[in-house]
Amino acid sequence: MSSVACPPAQSGRLPIFQPETTYAGSPIQPLKKGLPKSTQSLCPECVRLVEARLFEEGGKVIMEKTCPEHGLYRDVVYSDVRLYLKMEEWHFGDNRGVENPAIPNATRCPEQCGLCSMHLSHTSLANIDLTNRCNLTCPVCFANANAAGYLYEPSFEQVRRMLQTLRNERPVAGRIVQFSGGEPTLYPRFLDAVRLARQMGFTHIQVATNGLRFAELEFAQACEQAGLHTLYLQFDGVTDDVYRRTRGRPLLETKLRVIENVRKVGLKICLVPTIVKGINDHQIGDIIRLAIDNIDVISAVSFQPVSFCGRISRQELEAKRFTQSDLAHAVHQQTGLCDPYEDWFPLACVAPFSRFLGALRGEEAPTLTPHPHCSMGTYLFVDPHKRAVPVTRFVDVGGMMRDLDQLARRIPRQRIKLFSKVRAWQALRRHFHADRAPEGLTFQRFLRTLQGFTDKRYGRGQLERKGYTYKTLMVASMHFMDVYNYDVERVRRCVIHYAAPNGLLYPFCAYNAGPTFREKIEKKYSRPLERPSPRERLVAIGARRPEAEPI
C-alpha cells in the first residue's frame, strides 16, 4: 500500500501513515487539522456546493459560508474549541475505501454516490430501510410515510439484494446490519428479513425502533429466535413531558416495559436519545443513570444531537443547536463522570485496535475511520455495585492505541503471524493499572472484554453471563449533519451507509441531508399511500393528542 508518513499531531505522538490513494486510485487529501481552515459545504437553500471557512470565535468553532444567490450562513459546529482540537489529535489516518466501488471514476462529492471511488471508508454499520410507515408521528423524524404522501416498502427480494450488496463489499464484507425505517418492525416480513441476514453471514443484526412492538413479550421472543441481537431503542428522556414534545405522546411506561421484555428474552439495547437544546438536554445524566441501573441489558447510549432536516430561522437554529462538546460538558455536570477533556475520544481512535486484530487474524477487519468530528465516545466499566468508572481512570488509552497502531502498521503481517498472540496482547499490560481498576477487573478479563467488543461470541450470551467479560457501557455521540453544518470531508469518511434497492450504498449524511438521496430513492421505489380506513384515521388522530407540544 502506498502511504506517506505525516508529522505527529503533538509531541511524543507516532507518525500517521496516511494512504495516498483509494483502492480505486483517487487521490486522498490528508485530514486538515487545526484552525482556521477551509472545506466544502452546501448552501442551505439551493444545496449548491460552496466554499466554507472554519474558525474560532469566542471559544467556539464556527462554520461560515456564502452562497452567491442566498447570501451568508453561519453555524456553531463545536461549542468548545479545545475539545474540537483534541478530537483531531486522535485520528490515525484514513482507510482506502472499497476495491469494488459502484461509481469507479467519480469526480464530484457528494453528488456521485454509490459508494464511489473517492470514498475513504468501508461500511462499518449498514442501514436498510424496510418501510417508511410508522406507528408514531414524531416531530423530529425525517422518514415518515404520512408526511411524504407515499409508501416506500421494498419487496423481500429487494431486501435480499441489498443485503447481498453489503456482503459483496471488498476488501471488508459488510458484517453489521441495522434494519431501519420508518418503524421497521411494521414491515410485513420483518422476522424473515432478520433470519435472512443471519443466514447470509451478518455477525450482528440490530433494529432501529421506537419499541412499541417490543412491549409485546411474544414479539421480542420471536425476534430473538430469528437472530436479532440489539435494539437501537429511541429513548429521549425519563419523563413523559419530554416524549410529548419529541414524539407526540407519553411513552415512558412503554419504554420501561421494552427494557423488561428484552431482559427476559436475552437481547441487548442501545439507548438512542435525540437531544434538542432546551427540550431534553437536562435529562442526559438521568438517561445514563438509567442505563447503568440496567447494565445487564443496556450496553450503550448513543446520543444524537438533533439534525435539522427542514428549513428553520437563523434565530431558531442558534437557540436549538446542540453540539458534541455540549454533550461532553452536560454529562460531566449532570453525573460527575467523564471529564470533558480527559475521557472523550473520537470513535476513530479505535482504528488501531481493529487493525491490530486484523493483523493477528491475517485478514482485513472492519475498521472505524470516520472523520474525528462525526462522533465521540467513552467507555464506562460498571462494577457489581453499579459504580461506573471511565476506562481512562485505569488505562492509558492514548498510549495503548499508539502501541496497537505501531504493532499493526509497522510490523509486516508475516512477522505478526509468527509473533505470539499472547505476547502481543501482553505488550499492552503496561497501560493497565490494576490498582485503579474497578472491583473484579483483572488484566486478563480486560483483554477478554476488549475482544468482546468485536467478537460477539464473547460480548453476549453464555460467556458474558459466566463473567468472561466485564460489564461496560459505551457513552457516545453521533452528530449527523444537516445543510447548515454540512462538511464534504465528513461525508467522504462516513462509515454508516444505507443500502438501496438500486444496488448502491450511500453515506448517512448524503442520504438524509444535502443531496438527500433518500427522497430520490423512495420516490423511485414507492407507491401512492393508500387512503386510510376510518379506523386507521381514528388511530392516527389518537397518536396526535392535544397534549403534544411543538418542538
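By how many nm would the segment from THR39 to GLN333 lengthen if fully extended, with 0.36 nm per residue of separation less the alpha-carbon distance?
102.5 nm
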Checklist line | Peptides 367-373, 103-109, 257-263 ordered by average Cβ neighbours within 10 Å, highest first | finding: 367-373, 257-263, 103-109
Check: If you average over every viewing direction, what projected area does the convex hull of the Cα atoms of the stretch 276-392 give, in nm²?
Finding: 9.5
Margin query: Over the stretch 125-478, what is the relative contact order in percent, taking alpha-carbon pairs closer than 8 angstrom and at least six residues apart?
Written below: 13
Item checked: Under 19 Å from LYS520, Cα to Cα: aspartates and glutamates that are on another chain or at least 8 residues apart -> GLU45, GLU111, ASP129, GLU153, ASP482
Checklist line | For HIS122, distant residues with modelled amide H under 5 Å away | finding: GLY97
Notebook entry, point to check: With labels modelled as points extended 7 Å from the Cα through the Cβ direction, what inter-label distance (nm, one decimal) is found for ARG430 paired with ARG244?
Noted result: 5.9
Next item on the list: Specify the inter-centroid distance of the stretch 175-227 and the stretch 85-130, based on alpha-carbon positions, in whole Å.
Entry: 26
Next item on the list: Just add up the charged neighbours of LYS386: K/R +1, D/E -1, any other residue whose Cβ is under 14 Å from the Cβ of LYS386.
Entry: -1
Margin query: Using the crude model of +1 on Lys and Arg Cβ and -1 on Asp and Glu Cβ, and no other charge, please compute the dipole size for the stretch 91-194 relative to its Cα centre, in debye to 20.
Written below: 180
Next item on the list: Please label the shape of the stretch 148-232 as rounded, prolate or oblate, based on the square roots a ≥ b ≥ c of the eigenvalues of the alpha-carbon gyration tensor (a/c under 1.5 means rounded; beyond that, a/b larger than b/c means prolate, else oblate).
Entry: oblate
Check: Structure shown: which of LYS32/LYS60; LYS60/LYS86; LYS320/LYS523; LYS32/LYS86; LYS277/LYS523; LYS277/LYS386 lie over 22 Å apart, alpha-carbon to alpha-carbon?
Finding: LYS320/LYS523; LYS277/LYS523; LYS277/LYS386
Note to self: Please list, short to long, the whole-number percent of alpha-carbon pairs of the chain in consecutive 10 angstrom bins beginning at zero.
What the structure shows: 3, 18, 30, 30, 16, 3, 0, 0
Checklist line | Label-to-label distance, nm, for residues given as LEU151 and ASN135 (7 Å Cα→Cβ offset) | finding: 1.7
Next item on the list: Over all alpha-carbon pairs of the stretch 47-139, lay out the pair-distance distribution in 5 Å bins, whole %, shortest bin first.
Entry: 3, 10, 11, 11, 14, 19, 18, 12, 2, 0
Item checked: Whole-Hz couplings from phi, Karplus 6.51/-1.76/1.60, listed for the stretch 360-376; x for Gly and Pro -> 5, 8, x, 8, 5, 10, x, 10, 7, 10, x, 4, x, 9, 6, 7, 8
Check: Kirkwood Rh, the stretch 332-391, all Cα pairs: how many Å?
Finding: 13.4
Notebook entry, point to check: With each label point set 7 Å from Cα along the Cα-Cβ vector, what nm distance links GLU253 and ARG160?
Noted result: 4.4
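Just add up the charged neighbours of LEU196: K/R +1, D/E -1, any other residue whose Cβ is under 14 Å from the Cβ of LEU196.
Working: positive: ARG160, ARG161, ARG167, ARG189, ARG195, ARG198; negative: GLU157, ASP192.
Taking every Cβ under 14 Å from that of LEU196, the sum is +4.
Looking at the chain, send over the antiparallel percent of its DSSP beta bridges, to the nearest 5.
Bridges in the chain that DSSP calls antiparallel: roughly 60 percent.
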Notebook entry, point to check: Packing-wise, with mean Cβ within 10 Å as the measure, how do 355-363, 294-302 rank, highest first?
Noted result: 294-302, 355-363
Margin query: Classify the stretch 242-301 from the C-alpha gyration tensor, please: rounded if a/c falls under 1.5, else prolate or oblate depending on whether a/b exceeds b/c.
Written below: oblate
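Bear in mind that the values in this text are calculations on the coordinates, not laboratory data. These numbers were taken from a predicted model, which means no experiment stands behind them. A quick note on method: Cβ atoms are made from the backbone with ideal geometry, for glycine too, and the neighbour counts reach across all protein chains shown.
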